[in-house]
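Have a look at the structure below, then the notes.
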Amino acid sequence: MARIHPLLVGGLFLSAVSMGCSVPYYPAAPGQISRYAVSSSGKSSGLSVEVTSVKSGDITLRETTPHSTLKTELLCNAAGISSVRGGILLGNPTVTSQFKTGPIQGVLLPAGPWRVGLRWRYSYAVRSQSQSGNVSVGLKATVTVTSVVVGEKRVSTPAGSFESEEVKSTELFSGTEQAAGQAVPFRETVLVTSYYSERVGLVEQISRLQGPVPAVTTTLVAFQP
């Protein structure tokens, strides 16, 4: 059973603006929907990220793929997006999964202004439990992400052409996976290049595990504000 990444390898759903939180590169309004194509090794699937509610410092998102739905709650403040509450995987008849995160050190996404050379870092602990038939897999891990704005670039997507900030991130995952009564340690590094456009959010992202593993490209195909 594949591990379920609570931040979906790079934080696709980290798009938020609410009272007390101003993140111009990550807008959020009730009913807003961003649709993406996720491709790797010649195969592609769809991904939809919908903002279901926006309250004071609190954003609820529903992220849907052809096989599952992930519901997640984000918290934010004047510094930016400050925390993510555990989500639950819904609507998959063969797999159930939920996760919880510990306190986040740092800011997931800064409020801005963004400029070349801007750096930020955050880390947190995560626990998840997945069940598929008679197979149960538990995960305990620490996630550390370091990001820097490296430049500006116009990115063309099926949803349009966008002036974007280019962000390079290194995501380190380390912990243990519990299955069949055995705890297996793991350590993985994901290199991510993301492009964010003001008032739209994420328009393209390329994620790659270190080693001979095909990259995963996520591209915006439609945006409904």
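If amide H atoms are built 1.01 Å from N in the plane of the peptide, which residues on other chains or at least 5 residues away come under 5 Å of the amide H of residue 76?
Result for residue 76 returns 58, 82.
Roughly speaking, what is the stretch gain from residue 136 to residue 152, that is 0.36 nm per residue apart minus the C-alpha to C-alpha distance, in nm to one decimal?
1.4 nm
Out of residues 5 or more away from residue 28 or on other chains, whose amide H comes under 5 Å of its own, with H placed 1.01 Å from N in the peptide plane?
Here 17 satisfy the definition.
In debye to the nearest 20, how big a dipole does the range 33-224 give about its Cα centre with +1 on each Lys and Arg Cβ and -1 on each Asp and Glu Cβ?
220 debye
Specify whether the C-alpha gyration tensor of the range 84-225 places it in the rounded, prolate or oblate class, a ≥ b ≥ c being the square roots of the eigenvalues: rounded for a/c under 1.5, otherwise prolate if a/b is larger than b/c and oblate if not.
Prolate is the answer for the range 84-225, as a/c is 1.5 or above and a/b outweighs b/c.
Throughout, read-outs are computed from the coordinates displayed, never taken from laboratory work. Keep in mind the model is a prediction, meaning the values are calculated, not measured. Glycine gets a Cβ as well: all are built from the backbone with ideal geometry, and neighbour counts include every protein chain shown.
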